[in-house]
Amino acid sequence: MELLPRGPAEFGSARYWDRFFRQRGQRPFEWYGAFAELCPVLHKYVRPRDKVLVVGCGNSELSEQMYDVGMCEDIVNIDISDTVIRQMQERSRSKRPKMSYVLMDMLQMDFPDGHFQVVLDKGTLDAILTDEEEATLSKVDKMFAEISRVLQIGGRYLCVSLAQAHVLKKAVEYFSREGWVVRVHEVASSGDKQQFVLPVFVYVMTKFRKIPGSALQILEICLEEQDKPMRVESVERLVAAVKDRQHYALLCSQLSKPPCKEQLSLDLCNRESGKPRYTLHVVDNASVKPSRDNHFAIFIIPQGRETEWLFGTEEGRRQLATSTGFRRVVTVALHREQHYEGMAGIQAELSGKVMELAPPGLPARHQVPFLSVGGDIGVRTVRHCDTSALSGDYVVEDVKGDGTCYFRRLIFLCNRNVVQSEARLLALMPLPGQKKRRKDKKKPSPAEPPAGIDKSCLCCEHHRAMVAGLCLLGSPDSLPAPLAVLVVGLGGGSLPLFIHDYFSQARLAVVEIDPSMLEVATRWFGFSQGDRMRVHISDGLDYVAKLAAEAPAQYDAVMFDVDSKDLTVGMSCPPQAFVEKPFLQKVKTILKPEGLFVLNLVCRDARLKESVLATLREVFPLLYSRCIEGEVNEILFCQPSPKGQRDPAELGARAQVLEGALRQLGRPWDTSYVLADMLQAIKIL
């Protein structure tokens, strides 16, 4: 039996609906929204003495159910199908004498102006507004105009809808422009997702007299779990809020059929500010055998550690889920703009929501464990926030790592999951003659002010690899002296500062386009200029071009560690202009014949990456690569002369010589920097 229309136009055809209801017979047809789900919303806006008009009633039981529970009796139902009107008259004549069914087109109604307190529409607008063609929009305008005409001032138009974006936008724009108050309710689901995955919404448009010249819009949304409506400032924000709820419903539906191969993510926002408060990733682990207690767990990522490989990558989260032994793990990242009341507070806040992400078949009253590293939520202290004209909003924060280590980080908020710069903080040490504080039985403060920056430590693995690449320079026994180095990209200054402090023969020029970064590096990361290191505020492209024209062949090493602000390209470091052939030729020009060009490449686009490597090979005869384990970074070492090629044994020997020389400087040295190990993974491309 074919009941579906041949095209959208048939939804407005009386002939189609007559055929539809003849074939369907007496069986009620509900598009969506069971009465039990709609009832709480309808009770708010329909009073027992109201005159109610139901447009496009079909053979839905909604009017009958409203009548039978005593919600309202003075109900007029209209439809363009003579067949369904006769069916419904027969069905309700004896049982519901005060309710009527009338054959009428809602685009041209016979009722007088202001005749009703409520107009109810369940799916009719959705059926008519199937596209945004001019004829369709004109028909909808007529529908809205007639509804407005027959409603009293203070009357309510209640529209039950699936809230497709174009439908919601059209309704909200029309009635808000007329000066009506618009509120959108999300209907609480009964939990039965068999028929419709998407949530149902009720638009409540309350009629007010239009004030000439007034542009005031009152737009509100009331979500399923909220008692009070939330004001939104624009139609676009209202449509976006509804779209977020629809996305969440689809996500929950996808999670109801485990195992889910891809890791799904969502943000839970602060109710007052609307800003993200938690970021959740759902990880299914089919390799874990099911048992009574390993169905589901929540893992709270300590503050400030969400960028680490274990928590910030798909592979890392998969490994984390395996190590916990649970079949589904939801990782929860905490946002820096929010305040949290410890693990217990987070657990109380999240318990209800995360259960919606639980796998099916979870035993009743199952206690879901909340896990974390060390059982706490970590420490994050924001030291400085500001905005740069070039880099946008940024933040400097101190976070607690494993054990007692603290780190200072620079984060650009346009790419908040990437640590731009990082430095280890020195632990507090008692002054000479000062006694250590006695252990306090009370719980210690989670954050103690650091004593300063540990300049002996390079926190970023790619910085270590870039330093190790200097072993490619000079003779097997020593580096060039003096060692002329150009670093493009300052950030927090860790890389040039380390080279300055540990290579006494080095003279550095550092180029940074953003003057704000020089201030940040100096104030927060212990950076300072001197006789052997100067910072030039300039675009790296212009600076290198000027050097190539005026002073070629002057640098032993040129290092690029420059982030890209263009997030639409699959390469976040460096900007594309830095790896175009004409510019790379200028880089080659400023290098000495036996010099070294070191490039930090972060590229997720495989084709783009291969194109970059091909261009580098055209310019530099000798190209080495060092991949950073667990990261996208790849460090490329480029030399202008093929004579500089080294075999692995020679590289190892050079690394040991360099490391020994660095140790003899008498400065603190982190023994994890074994340069020979850093070089062992370098390969010739």
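Within the same chain, aspartates and glutamates fewer than 8 places from K581 are excluded, and of the rest, those with a Cα less than 13 Å from its Cα are E618. Stokes-Einstein, applied to the Kirkwood radius of the stretch 223-325 over Cα pairs at a viscosity of 1.567 mPa s and 4 °C, places its translational diffusion at 81 µm² s⁻¹.
When the GluC sites (Glu not before Pro) in the stretch 589-635 are filtered for DSSP coil states and for at most 14 other beta-carbon atoms within 10 Å of their beta-carbon, the remaining sites are E629, E631. For K400, give me every one of the aspartates and glutamates with a C-alpha distance below 15 angstrom, ignoring sequence neighbours fewer than eight places off in its own chain. The qualifying aspartates and glutamates are E306, E308, D376, E422, E448, D454. Per-residue accessible area (protein heavy atoms, 1.4 Å probe) orders H339, H462, H536 as H339, H536, H462, starting from the largest. Sparse packing (at most 12 other Cβ atoms within 10 Å of the Cβ) combined with a DSSP loop state is found for the following GluC sites (Glu not before Pro) in the stretch 329-387: E341.
Of the trypsin sites (Lys or Arg not before Pro) in the stretch 257-358, the ones in a loop by DSSP (not H, G, I, E or B) with at most 12 other beta carbons within 10 Å are K261, R271, R292. Treating the Cα atoms of the stretch 380-425 as identical point scatterers in vacuum, please give the log10 of the normalised Debye intensity I(q)/I(0) at q = 0.19, 0.31 Å⁻¹, two decimals. Values, matching the q order: -0.56, -1.15. Take V232: with every protein chain present and a 1.4 Å probe, its accessible area is about 20 Å².
Cross-link pairs exceeding 21 Å between alpha carbons, from the set K51/K95; K207/K243; K228/K257; K142/K243; K98/K142; K44/K122: K207/K243; K228/K257; K142/K243; K98/K142. In summary, the convex hull built on the alpha carbon positions of the stretch 128-285 has an orientation-averaged projected area of 11.5 nm². The fraction of accessible area contributed by carbon and sulfur in the stretch 8-235 is 51 percent, rounded to a whole number (1.4 Å probe; ligands and nucleic acids excluded). Measuring nothing but how far apart in sequence close Cα pairs (under 8 Å, 6+ apart) lie, relative to its length, the stretch 258-371 scores a relative contact order of 31 percent.
Counting heavy atoms of the protein chains alone, C39 has an accessible area of about 30 Å² for a 1.4 Å probe. Computed over the stretch 258-371, the Cα gyration tensor eigenvalues convert (square root of 5λ each) into semi-axes of 23, 17, 12 Å, ordered from largest to smallest. Overall dimensions of the stretch 465-614, expressed as equivalent-ellipsoid semi-axes from the Cα gyration tensor (√(5λ), whole Å, largest first), are 23, 20, 15.
The values are calculated or read from the model by the stated rules, or taken from the named source; none is laboratory data. Predicted, not measured: the structure shown is a model, and the values here were computed from it. Note that each Cβ is placed from the backbone with ideal geometry, even for glycine, and that neighbours are counted across all protein chains shown. Note: areas computed on protein heavy atoms with side chains; ligands, DNA, RNA excluded. Shrake-Rupley method; radii C 1.70, N 1.55, O 1.52, S 1.80 Å.
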